[in-house]
Amino acid sequence: MPAQRVETSIATVCLSGTLPEKIDAAAAAGFDAVEIFEPDLLGCPSSPAEIARRVAGAGLRTSLYQPFRDPDHTDPARLPVIRERLRRKAALTRELGTDLVLVCSSVHPHAVREDDRLAEQLHALGAVAAEQGVRLAYEALAWGTHVKDYRHSLRVARRAAHPNVGVCLDSFHVLSRGDDPGGLGWARAEELLFLQLADAPRLSMDVLPWSRHHRLFPGQGGFDLVGFVDAVLAAGYTGPLSLEVFNDVFRQSDPRATALDAMRSLRHLAEGVDRSTGEAGTAVALPTPPRPLHWAFAEIGGAPGAAADGARRTLEQLGFYQEGQHQSGPITLWRSGSVRVVVNARGTGGARLTSLGLRVPEPGAAAARARGLLAPVVTRSVGPGEVDIPSVTAPDGTWLQFCDLENSWLQDFFPLCAADAEVAAERPAALVFGGVDHIALPQGFGGFDRAALFLSAVLDLQPTAVVDIAGPDGLVRSRALLPPVADEGGGVRLVLNVAPSNALLRGRTGGGGHLALVSSDAVAAAAEFRSRGGRVLDVPGNYYDDLEARGVLDPGTLARLRENSVLYDVDEHGELLHFFTANLGPDLFLEVVQRIGGYRGFGAGNAAVRLLAQTAAAEVAGTAPGAGGPA
Ligand SMILES: O=C(O)c1ccc(O)c(O)c1
Ligand SMILES: [Mg+2]
């Protein structure tokens, strides 16, 4: 990023609601400018001048008016009509307080094919624009009839040879076509009039519906937005970074929350660009990501009475011992080696993961970074003698608590046990866990992409591709957030699961919140856990018959897996053995994971079997997992 502050902008099409609601949401999230999307204006009772006043009153400016469609035509008789249409839209653009009109490449069958002729028509439009005091930013829509790629739009705009004609670059149209921004080396800075940014999941589908329904904010999808913005800035672009995201879920979400996501995404993107260029000077200087990053604890809350008893019993059966008792309430601390679990017998809603403790070198800086990424800060009363842990709330309500390397947070607990070493000596070898493999957080419908962005930005994790799992109540979407490659093996891996809304209707959440422990022998761990009275999730015999049919395991191993309800998965890097405990709450269980030879996944191949087995278990118990209330 260049040293000057880069302006931020958002297209009104990103947000739900009326135009005034969109303007206010953009302003509240701290944007500098808005692109006014034509349909928002057409349905607004205010005049363009009144809208301009509203924009200015909110502390914003209008960065662009869009879109002006189908600027060229093979039938010369149509050209005067197009020019008159532009004259009016240009005048309107001035009333809106900007001088930039986005012109999309034509999508109709009578679009001009020859570059020379097209350039001539754009030149004539440039003259109309100049009369009105506006400039035209010509954008290649990926589904344009002839002009589909930005190199082509640059060529035509240059050939138009009019000072009021340049291009608009849109990352979606470039990257969805598998193109790269390499052609920008050929562009002149003054030709780059506007930059629109959108990410998207990598899908193989027609580019038009992909664009209109599935765009995401930068960092939420699979495109390299950092590389794209790098290249555009290197080509000399100095205008705003403007988000233009068409997304079905965002269209029905609270515009204020979406606008905050949008700003968070831009700040995280700017940070990535700074890091890649080695230059500082983005809009907001964020403290560097918290590294090294490790788990301090996971807290199971919302579990009064029997639910808390059940959680504690399961932990004990897994070889955990009680290390401490909280000074100020029914909160117990459980430990096994480096893994600590807090069971908080307050709250309602059923046992779930309510708080994640993260061990970082500088908790204050980690929290400041989260605030810089617009994370809501947790304000709570700190009792006398209690340690204040800087904490923020993730979009799903889970607290992220930043703990120091000395584990000062332990001071809040009366110690109940002498030394870990003494207790550990008595623990069966099969129940010695190497740490936390991952933690999975269930997400509500609509909160999935927001949570992925929030957690990956605040903790600097990389979201991986979305996996869809066919569960009994519909598709469960799942996505892992992993440490950057540079610190692979680093401690913190998260999985986000979103259950079908249908599951909630049936009283089942199915989001699969869990804490997974690292084992060096999952079969022995399952056997030991069961011998101590632990309840493993039963896996149907059909599953093992299928494993047998696949011929991937020797008969002895297969028999031991079957005996202990341990599941098996394989990827190109290695193998996985894992089992699940019976549910501790509507949407909470524990998992024990043994990775063999560098297996990288999370057992997605077994998730459908798990979901069905959990449903069956809940039916046997006579209670759907959701019986305790919403998770
Ligand atoms: O989907 C569209 O029509 C459309 C309109 C304007 C844009 O800037 C764009 O990228 C797409
Ligand atoms: Mg666009």
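Annotations
- Estimated dipole of the range 348-452 in Debye, rounded to 20 [Cβ of Lys and Arg +1, of Asp and Glu -1, Cα centre]: 440 debye
- Cβ-based charge dipole, the chain, positive-most Cα from VAL536, TRP409, LEU175: LEU175
- Cα point-scatterer Debye curve for the range 66-206, base-10 log of I(q)/I(0) at q = 0.10, 0.13, 0.20, 0.21 Å⁻¹: -0.31, -0.52, -1.20, -1.30
- Heavy-atom accessible area ranking, 1.4 Å probe, most first, across ASP149, ASP180: ASP180, ASP149
- Check: the range 183-244 dipole with +1 on Lys, Arg Cβ and -1 on Asp, Glu Cβ, in debye: 140 debye
- Heavy atoms of TYR568 accessible to a 1.4 Å probe, total area in Å² rounded to 10: 10 Å²
- Orientation-averaged projection of the range 446-486 equals 3.2 nm² [convex hull of Cα atoms, one quarter of hull surface area].
- Dividing the Cα radius of gyration of the chain by 2.2 N^0.38 Å, with N the residue count, gives 1.10.
- Calculated Rg and Dmax of the range 294-621 using C-alpha coordinates, Å: 19.1, 62
- When MET205, MET263 are compared by accessible surface with a 1.4 Å probe, the order from highest to lowest is MET205, MET263.
- Per residue, the chain exposes an accessible area of 39 Å² to a 1.4 Å probe, with every protein chain left in place.
- Ranked by the mean number of other Cβ atoms within 10 Å of their residues, highest first, the peptides 602-611, 512-521 come out as 512-521, 602-611.
- Ordered by 1.4 Å accessible area with all protein chains kept, TRP210, TRP399 run largest first as TRP399, TRP210.
- At 0.692 mPa s and 37 °C, Stokes D of the range 12-126 from Kirkwood alpha-carbon radius, µm² per second: 215 µm²/s
- Column: log10 I(q)/I(0), Debye, Cα scatterers of the range 341-439, q = 0.14, 0.20, 0.21 Å⁻¹: -0.70, -1.23, -1.30
- D_trans [Stokes-Einstein, Kirkwood Rh over alpha-carbon pairs] for the range 8-277, 4 °C, 1.567 mPa s, µm² s⁻¹: 70 µm²/s
- Accessible surface of VAL226, taken over heavy atoms with a 1.4 Å probe and every protein chain present, rounds to 40 Å².
- Bins of 10 Å, starting at 0 and running to the largest distance - Cα pair percent for the range 275-340: 16, 36, 16, 14, 16, 3
- Here the range 144-273 has an Rg and Dmax of 14.8, 44 Å, counting Cα atoms alone.
The values are calculated or read from the model by the stated rules, or taken from the named source; none is laboratory data. Since the structure is predicted, the reported quantities are computational estimates derived from the model, not experimental observations. Note: ideal-geometry Cβ built from the backbone for every residue, glycine included; neighbour counts use all protein chains shown. For accessibility, only protein heavy atoms count, side chains too; no ligands or nucleic acids. Shrake-Rupley method; radii C 1.70, N 1.55, O 1.52, S 1.80 Å.
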